[in-house]
Amino acid sequence: MARLLQTAIAASGHQVELVSNFRSWDGSGDAARQRRLRDIGTRIAHRLVSAYSSAGRQPELWFTYHVYHKAPDWIGPHVSAALQIPYVVAEASFASKQNDGPWRIGHEQCRMGICTAQAIVSLNRQDDPCLQGLMHPACELIEIRPFMSLKEVNAAIADRSMVARKWGAPLSEPWLVCVAMMREGDKLNSFMQLARTLCSLTDERWHLIIVGDGSARSRVAQLFEPVATRVTMTGLLDRDEIFSILKASDVYVWPAVNEAYGMALLEAQACGLPVIASASGGIPQIVEHRLTGLLSRASHSEMMGRHIRELLHDPVRGRKMGALAENKCRSQHNLIEASVALDGLFARLRRSA
C-alpha cells in the first residue's frame, strides 16, 4: 500500500521523494529499543531539517504511511514543525488500551503525530472513531477506499492448464486459493483456522493452492498434513505468476484474522474470484457479503466451512460473485480515484497554508 500511495500521488503530477529508509518498528514491546529508535529518528529529523535549510529548498508537504504504537513516526512531526509544512498521515490507528502497555513510548509518539497532523487519510473506517477523538479541529479526515493498480492484473494470463502442469493441481477439482506470508501471529492463526476448516471438508471435492512463504512455513505444512495430498504450496512467486494463479482458480479462501482490510482479498477480486473470509476489521469494506463473497464471524471455522460448501455446490453462483467482485474492484477500488482524492486534499492544504 505504501508503494501504491506513492504511485497515486505521482499520478496526479506531484514529485514524491522517499527521504529515509529508517524503520521504527518494535515488535516485542522493548522500552529500551523504543528509546533507541526515538533517538535515531530524532537525529535523522535534525539532519533532514539542516539539509533542507542549507539547500534553500524544502518539500511542500510531509506524508507518512501507517502510524501505530509499534511503528510511530519519529521523523515527520519534527521536520514538519521545523519547516512549517503540512503533516499528513495515511492509515493511522490508535488503541487507548496501549496507554500503559509495553509500547507506551511508541504509543505516546503515535498520539502526538495524530494530534499534530493537518490531514489524516483513512483506508479503514474502523479506525476513524479513535482518530476523531485526537484530531485538532482544523485537521481533515479523508476516507479513501483501499485501492490497487490493475496494470499487472490486466497483463496476467488465465491459463488453468498451464498452472496445473506447473504445480500439479488436478484439473478435475475445484481450486481454492490463498496468498499470504507464513509468519507467527495473526498469519499463522489464519492458517490454523483454514486448516481446521478444510480438514472438516474431506467429503467434498477441492484442491487448495497456497502462495507464500516465511519463517513459519514448516508449521503451516504441519497444519495441512491430514490433507497434504490436496494442498499445493508454491512458495514465493512474482506478482504476474500470482495473478495468473488467481485468475485460474475458483474461490479465494482466507480467515483474515485481525487484518485491517486485506490487500490480497482485493487483488483476488480484481482477478474475478469470490472471496470467503471473516467479517473482521475492514474486510466488509472489501467484500460484500452474499454479493462479492461470503463472510463469517471471526474465528468461526464451522461457518466458514458452510460457506465453502455453498460455493463448491454452486459454482455458477461463485462465478457470478466473482464477476461482481471484479467489476466493483475496477470501479470503486482503482488507483485513479485515489489519485484524484489525494490531489484534491493537497490542493486544499495549499490553499489553507
**OP:** Give just the number: which of (1) modelled with pLDDT of 95 or more; (2) more than 21 Å from the chain's Cα centre (by Cα); (3) surrounded by 14 or more Cβ atoms within 10 Å (Cβ to Cβ) does residue 134 not satisfy?
**Re:** (1)
**OP:** Quick one: count up the residues across segment 137-171 that are in contact with a helix residue (DSSP H, G or I) (Cβ under 9 Å, 6 or more places away or on another chain), small (Gly, Ala, Ser) and farther than 30 Å from residue 90 by Cβ.
**Re:** 4
**OP:** Starting from segment 325-353, keep only residues that are more than 21 Å from residue 264 (Cβ to Cβ), then list their pairs with residues that are outside any helix (DSSP H, G or I) and among the aliphatic types (A, V, I, L, M) whose Cβ atoms are within a distance under 7 Å, requiring at least 6 positions of separation or different chains.
**Re:** 341/142; 341/144; 345/119; 345/142; 346/61; 349/61; 349/119
**OP:** Could you list all residues from segment 78-104 that are under 27 Å from residue 282 (Cα atoms) and in a helix (DSSP H, G or I)?
**Re:** 96, 97, 98, 104
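Confirm whether residue 49 is part of a loop (DSSP other than H, G, I, E, B) and surrounded by 12 or more Cβ atoms within 10 Å (Cβ to Cβ). Spell out the reasoning first.
Working: part of a loop (DSSP other than H, G, I, E, B): no; surrounded by 12 or more Cβ atoms within 10 Å (Cβ to Cβ): yes.
It is false that residue 49 is part of a loop (DSSP other than H, G, I, E, B) and surrounded by 12 or more Cβ atoms within 10 Å (Cβ to Cβ).
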**OP:** Give segment 1-30 a look and list any residue that's in a helix (DSSP H, G or I), surrounded by fewer than 14 Cβ atoms within 10 Å (Cβ to Cβ) and touching a helix residue (DSSP H, G or I) at 6+ places or on another chain (Cβ under 9 Å), or say none.
**Re:** 10
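Looking only at segment 29-52, count how many residues are free of Cβ contacts under 8 Å to residues at least 12 places away in the same chain and of a type in the set (Ser, Thr, Tyr). Full working, then the answer.
Going residue by residue through segment 29-52, those that are free of Cβ contacts under 8 Å to residues at least 12 places away in the same chain are 32-33, 36, 39, 43, 47, 50-51.
Next cut, of a type in the set (Ser, Thr, Tyr) only: 50.
Number satisfying all stated conditions: 1.
Identify all residues within segment 173-190 that are touching a strand residue (DSSP E or B) at 6+ places or on another chain (Cβ under 9 Å) and either of a type in the set (A, V, I, L, M, F, W, C) or under 13 Å from residue 232 (Cβ atoms) (or both); write none if there are none. Explain how you work it out, then say what you get.
Let us first name the residues in segment 173-190 that are touching a strand residue (DSSP E or B) at 6+ places or on another chain (Cβ under 9 Å), namely 173-182, 187, 190.
Matches in segment 173-190: 173, 175, 176, 177, 178, 179, 180, 181, 182.
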**OP:** Return a yes/no flag: does segment 317-327 have any residue that is farther than 25 Å from residue 151 by Cα, at pLDDT 95 or above and either part of a helix (DSSP H, G or I) or of a type in the set (Phe, Trp, Tyr) (or both).
**Re:** yes
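Specify which of the listed residues (208, 188, 194) is closer than 25 Å to residue 241 by Cβ, in contact with a Ser or Thr (Cβ under 8 Å, 6 or more places away or on another chain), in the same structural domain as residue 246 (by TED's automatic domain parsing) and of a type outside the set (Asp, Glu). Lay out the reasoning, then the answer.
On the way: 188 fails: in contact with a Ser or Thr (Cβ under 8 Å, 6 or more places away or on another chain); 194 fails: in contact with a Ser or Thr (Cβ under 8 Å, 6 or more places away or on another chain).
When all the criteria are applied, what remains is 208.
Being part of a loop (DSSP other than H, G, I, E, B), in the same structural domain as residue 198 (by TED's automatic domain parsing) and over 20 Å from residue 173 (Cβ atoms) is true for just one of 277, 256. Which residue is that? Spell out how you get there, then give the answer.
On the way: 277 fails: part of a loop (DSSP other than H, G, I, E, B).
From the options 277, 256, the qualifying one is 256.
Being assigned to a helix (DSSP H, G or I) and either among the acidic types (Asp, Glu) or free of Cβ contacts under 8 Å to residues at least 24 places away in the same chain (or both) is the filter here; which residues of segment 196-239 pass it?
218, 221, 222, 225, 228, 229
Taking the condition of a type outside the set (Val, Ile, Thr), at negative phi and either surrounded by fewer than 21 Cβ atoms within 10 Å (Cβ to Cβ) or not in a helix (DSSP H, G or I) (or both), does residue 193 pass?
Details: of a type outside the set (Val, Ile, Thr): yes; at negative phi: yes; either surrounded by fewer than 21 Cβ atoms within 10 Å (Cβ to Cβ) or not in a helix (DSSP H, G or I) (or both): no.
No, not satisfied.
Which members of segment 149-171 meet the condition of being hydroxyl-bearing (Ser, Thr, Tyr) and at pLDDT 95 or above?
Residues of segment 149-171 hydroxyl-bearing (Ser, Thr, Tyr): 149, 161.
Across segment 149-171, the qualifying residue is only 161.
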Subject >> Residues (in contact with a helix residue (DSSP H, G or I) (Cβ under 6 Å, 6 or more places away or on another chain) and either part of a strand (DSSP E or B) or surrounded by 19 or more Cβ atoms within 10 Å (Cβ to Cβ) (or both)) located in segment 52-67 >> reply: 62, 64, 65, 67
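The values are calculated or read from the model by the stated rules, or taken from the named source; none is laboratory data. No experiment lies behind these values; they were computed from the predicted model shown. Counting neighbours? That spans all protein chains shown, and the Cβs are built from the backbone with ideal geometry, glycine included.
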